[in-house]
Amino acid sequence: MRFVQVVLLMQAATVLPLVAATLQDQPKTNPELTNYEETSRYADVVTFLKQLEKKSDALRLEFFGQTSENRALPLVICANPPVSQPREALESGKMIVLVMANIHAGEVEGKEAVQIIARRIATGDLRPLLDRLIVLLAPIYNADGNERISMENRTAQNGPIGGVGRRENAQGLDLNRDYMKLESPEARALVRLFNRWDPHLTMDLHTSDGSYHGYHLTFSPPLNPDADERIISLERNRMLPEISKAMLSRHKFRTYYYGNFSIQEQLDREFAGYRPGSAGEQHGTRIWRTFDHHPRFGNNYVGLRNRLALLSEAYSYLEFRSRIAVTEAFVEEALKYSAVHSREIVRLIRRIDEDTVLRPNSAVPAELGIEFQVRPLPKPVQILIGQVGKSKNPRSGRDMTVMIENKFTPARMLNYGIFAATRRIALPTAYIIRAEPGTKSAVGKLLEHGIAAEELAEPAAVDAEGYVIDSVKRAERAYQGHRETRVGGHWQKDKISFPAGSILVRTTQPLANLAFYLLEPESDDGLVVWNFLDAYLNQGIVYPIYKLAQNPKLATRLIER
């Protein structure tokens, strides 16, 4: 066992009796006060955090944004010594971890677990983590959705019997699909938090439903292959396996990578033509499949920002009290892993940022993925198939689905748990955007994401590639208020004149991968998809965002965010 781990355990052991003796004097969550029949409302969370702040000099409560219904979004800053500004956190050299919950306000376990984690940091047994970490806690991100508590929401899950909030925010938007388009005040506030505090790791706490498996909690690293491979490798090969072992040995909770059961033919229909022949699968056999690679999902978005991300999904058919406990344990073990490896992670993130900045000047042109497919792990894995029963909600009279503990069957099957790029294209040294009314909202979106952009101080003529649109396909049905759009076309080189005020976005910056995903016309989750450039999307029109192969020497001024 590493020395740091020993120290942490010894420190925790000295404060446990004190914690037990004084816990009755600490603020309690609403589930604790209601015998786990009810979840916390917004006022309960804010009151709890304010009470906790008074009891510890290591906790400071602030608010990082407002919802569309003007609820202030709480952020607890846990640091020893205390910090009040992001600059102080950066200067400390410590690893910064953000733990956020309740993005889907019907999935309430994370909200309760984060409050308990805050109390444990304040009251002693997790406080030693602050020797190496600065921990940011955002327990109630979808505050408006939380206040729509009803026993008609998520009726199949195993409590709380008093009901939960709804998935969407007050605008009817799924906040875990809003990371690229940033149409909600909550998402814009969260990305401002990313830009200010720049956490090395973000944890996003959810509750799963769907397949009947045998795990208490499932998890996922970033899934988009355009995230730096060192981030994905660290999480998949080291961090998550170690956390999973600790969850079983110390807490007796079974965990695995997130997925749902599917049938091979379904996958073949979705990705026609792909056959992993070496895997030896039989059509009609059951497989375990992860979810999605798009950066509209938070864990994938954070990966494109060159940062670590963990998604957790407590099993919704586990009883409410246990769902809180397993989520709390997952956060605890992830924080302990981060504390032990904090220096290594901080160095790795710094090196990835530096490499990203230097990448366009390398001798071998960098390429990023533009089309993707889900792929299986090299060998079949053992997946736990669970069993469930039914129980009546005594308040609503509806059936709840109940996990039958320790009733599961191990089965070997293919795990389609990773994505691979099936088409890659060269990363340009810069993009240049015509300064026109039709591009104003697109430029504004780049700045909201924190992407560095410059404005041409005078007209310039440069060698550039323009994308000529040959075809436009718009989804027949609206999704999140949009008709998703895809274009086909071809690139042509020419000497192009750009007026003063045109926008230059260099890829010699840490957020280059995110800029690529937003700006490329054929991106599957960029500005084209979300209708920010619809005025230009007609056959024969040249896309208004051009690519430069050489780093241009132009008179520019940095645009202040």
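The values are calculated or read from the model by the stated rules, or taken from the named source; none is laboratory data. Here the structure is a predicted model, which is why all the values come from computation and not from measurement. Virtual Cβ from ideal backbone geometry, glycine too; neighbours counted across all protein chains shown. Surface accessibility is based on the protein's heavy atoms, side chains included, excluding ligands, DNA and RNA. Shrake-Rupley method; radii C 1.70, N 1.55, O 1.52, S 1.80 Å.
Applying 1/(1 + (r/R0)^6) with R0 = 30 Å to the Cβ-Cβ distance of Ser84 and Arg188 gives a FRET efficiency near 0.85.
Based on the Cβ-Cβ distance from Leu447 to Glu152, what FRET efficiency comes out when R0 is 45 Å, to the nearest 0.05?
Numbers: r = 40 Å, r/R0 = 0.90.
Once the sixth-power term is evaluated, E becomes 0.65.
In whole angstrom, how far apart do the alpha carbon centroids of the range 425-470 and the range 109-129 sit? About 44 Å separates the Cα centre of the range 425-470 from the one of the range 109-129.
The residues neighbouring Leu33, those whose beta-carbon lies less than 15 Å from its own, together hold a net charge of -1 under the Lys/Arg +1, Asp/Glu -1 convention. Do any of Lys28/Lys50; Lys495/Lys547; Lys440/Lys553 go past 21 Å between their Cα atoms, and which? Listed pairs above 21 Å: Lys440/Lys553. With a cut-off of 19 Å on the backbone N, the residues of the range 421-465 near the modelled label site 7 Å out from His490 along Cα-Cβ are 425-426, 464-465. Accessible surface of Ile503, taken over heavy atoms with a 1.4 Å probe and every protein chain present, rounds to 10 Å². Only one residue of Ser502, Ile385, Gly438 has its Cα farthest out toward the positive end of the dipole of the chain, where Lys and Arg carry +1 and Asp and Glu -1 on Cβ, and that residue is Ile385. Rounded to the nearest 20 debye, the dipole size of the chain about its Cα centre is 940 debye, using +1 on the Cβ of Lys and Arg and -1 on the Cβ of Asp and Glu.
If you take the Cα centroid of the range 30-103 and the Cα centroid of the range 212-248, the two points sit 26 Å apart.
In this rough spin-label picture, where each label sits 7 Å from Cα along the Cβ direction, the Val364-Ala535 distance is 4.2 nm.
Annotation for Arg483 and Ser249: the two label points, set 7 Å from Cα along the Cα-Cβ direction, are 5.7 nm apart.
If R0 equals 45 Å, the separation of the Cβ atoms of Lys50 and Asn551 corresponds to a calculated FRET efficiency of about 0.30. Of the residues Gly214, Asn260, Gln66, the one whose Cα sits farthest toward the positive end of the charge dipole of the chain, with +1 on the Cβ of Lys and Arg and -1 on the Cβ of Asp and Glu, is Gly214. Taking a sphere under 10 Å around the Cβ of Glu332 and counting the other residues whose Cβ falls inside, with K and R at +1 and D and E at -1, yields a net charge of 0. Percent of C-alpha pairs per 20 Å bin in the chain, short distances first: 20, 53, 25, 2.
Computed with a 1.4 Å probe on the full set of protein chains, the accessible area for Arg154 sits at about 60 Å². Remark on Val402: its backbone amide H falls under 5 Å from those of Gly389, Lys390, Ser391, a criterion applied only to residues 5 or more positions apart or on other chains, H modelled at 1.01 Å from N. Among residues other than Ile559 with Cβ under 10 Å from its Cβ, the summed charge is -1 (Lys and Arg +1, Asp and Glu -1). Residue-wise HN-Hα couplings along the range 337-347, as the Karplus relation 6.51 cos²θ - 1.76 cosθ + 1.60 with θ = phi - 60° gives them from phi, are 4, 4, 5, 5, 10, 4, 5, 4, 5, 4, 5 Hz; Gly and Pro carry x. At full extension, Lys392 and Val468 could sit 21.4 nm farther apart than now, given 0.36 nm per residue minus the alpha carbon distance. Helix content alone sets the calculated 222 nm mean residue ellipticity of the chain: runs of n ≥ 4 DSSP H residues at -39500 (n - 2.57) each, divided across all residues, give -9000 deg cm²/dmol. Per-residue surface analysis assigns Ile103 an accessible area of about 0 Å², computed on protein heavy atoms at 1.4 Å probe radius.
Explain nothing, just the number: relative contact order of the chain, from Cα pairs under 8 Å at least 6 residues apart, as a whole percent. Before the final figure, lay out the partial values.
Values: 1219 pairs, mean separation 78.3, N = 561.
Value for the chain: 14 percent.
Karplus-derived 3J(HN,Hα) values for the range 386-401, using 6.51 cos²θ - 1.76 cosθ + 1.60 with θ = phi - 60°, are x, 10, 9, x, 10, 9, 7, 6, x, 8, 9, x, 7, 6, 10, 8 Hz; glycine and proline are entered as x.
For the residues Ser523, Ser441, a 1.4 Å probe over the protein chains yields an accessible-area ranking, largest first, of Ser441, Ser523.
Placing +1 on the Cβ of every Lys and Arg and -1 on the Cβ of every Asp and Glu, with no other charges, gives the range 278-431 a dipole of roughly 260 debye about its Cα centre. Using θ = phi - 60° in the Karplus curve 6.51 cos²θ - 1.76 cosθ + 1.60, the 3J(HN,Hα) couplings for the range 432-440 round to 10, 10, 5, 7, 9, x, x, 9, 4 Hz; x is entered for Gly and Pro. Each residue, Thr34 and Thr285, gets one label point 7 Å from its Cα in the Cβ direction; the gap between the two is 4.7 nm. Counted over the chain, the DSSP beta bridges are approximately 75% antiparallel.
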